[in-house]
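The values are calculated or read from the model by the stated rules, or taken from the named source; none is laboratory data. If you're wondering where the values come from, they're calculated on a predicted model, not measured in any experiment. In this analysis, Cβ positions are derived from the backbone assuming ideal geometry, glycine residues included, and neighbour counts consider all displayed protein chains.
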Amino acid sequence: MFDYQQRRFYRMAEVKVTKDNFQKEVLESDIPVIVDFWASWCGPCQMMAPILAEIAEENEGSIKVGKVNVDEELALSSQYGIVSIPSLYVFKNGKITNQYIGYITKDSVLALLK
């Protein structure tokens, strides 16, 4: 993916999360997972996209970034009570350890992991 504002390419290190792979990719992950509930029509979600892509690339192997499209994954969105996006959920050992709703800076996203 090319970020036109930053004028650079991002490797797609994020994982597309669906109801079919949520158990394996998120709940059974042996590394922390940031799950981003987002939609293509959401402005703040689009602002978060390059931040999360950068985190995923810089921390590949130690932090996983999962992307859940709320328009495609209504069951997951409902299961986690998503009413506003972007919604970030941090999972460690299959449990939610932190969450944040709305736009957030890169440093603040990383702070959610602590």
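Assorted remarks:
- Tally of residues being among the small types (Gly, Ala, Ser) and within 17 Å of Ile82 (Cα to Cα) across the stretch 14-67: 4
- Hey, Gly81 on the phi > 0 side of the Ramachandran plot, surrounded by fewer than 11 Cβ atoms within 10 Å (Cβ to Cβ), modelled with pLDDT of 95 or more and out of contact with any His (no Cβ under 7 Å at 6 or more places or on another chain) or not: yes
- In the stretch 63-86, the residues that are outside any loop (DSSP other than H, G, I, E, B) and among the polar types (S, T, N, Q): Asn69, Ser77, Ser78, Gln79
- Any hit, the stretch 10-23, residues being surrounded by fewer than 12 Cβ atoms within 10 Å (Cβ to Cβ), over 10 Å from the mean Cα position of the chain (by Cα) and modelled with pLDDT of 95 or more: yes
- Single match in Ser62, Ser40, Ser87 (criterion: free of Cβ contacts under 8 Å to residues at least 60 places away in the same chain, buried (at least 20 other Cβ atoms within 10 Å of the Cβ), within 16 Å of Glu14 (Cβ to Cβ) and hydroxyl-bearing (Ser, Thr, Tyr)): Ser87
- The lone exception for Glu60 - which of (1) at pLDDT 95 or above; (2) assigned to a loop (DSSP other than H, G, I, E, B) it fails: (1)
- Screening the stretch 78-93 for residues that are under 15 Å from the mean Cα position of the chain (by Cα) and small (Gly, Ala, Ser) and picking the one that is farthest from Gln23 (Cα to Cα) gives Ser84.
- Of all the criteria given as (1) in a loop (DSSP other than H, G, I, E, B); (2) in contact with a Pro (Cβ under 9 Å, 6 or more places away or on another chain); (3) modelled with pLDDT of 95 or more, the one not satisfied by Gln5 is (3).
- If the condition is being among the β-branched types (Val, Ile, Thr) and either outside any helix (DSSP H, G or I) or touching a strand residue (DSSP E or B) at 6+ places or on another chain (Cβ under 8 Å) (or both), then the stretch 37-55 contributes only Ile55.
- Members of the stretch 65-83 found to be among the hydrophobic types (A, V, I, L, M, F, W, C) and in contact (Cβ under 8 Å) with a residue 40 or more places away in the chain, listed by number: Val65, Val68, Ala75, Leu76, Ile82
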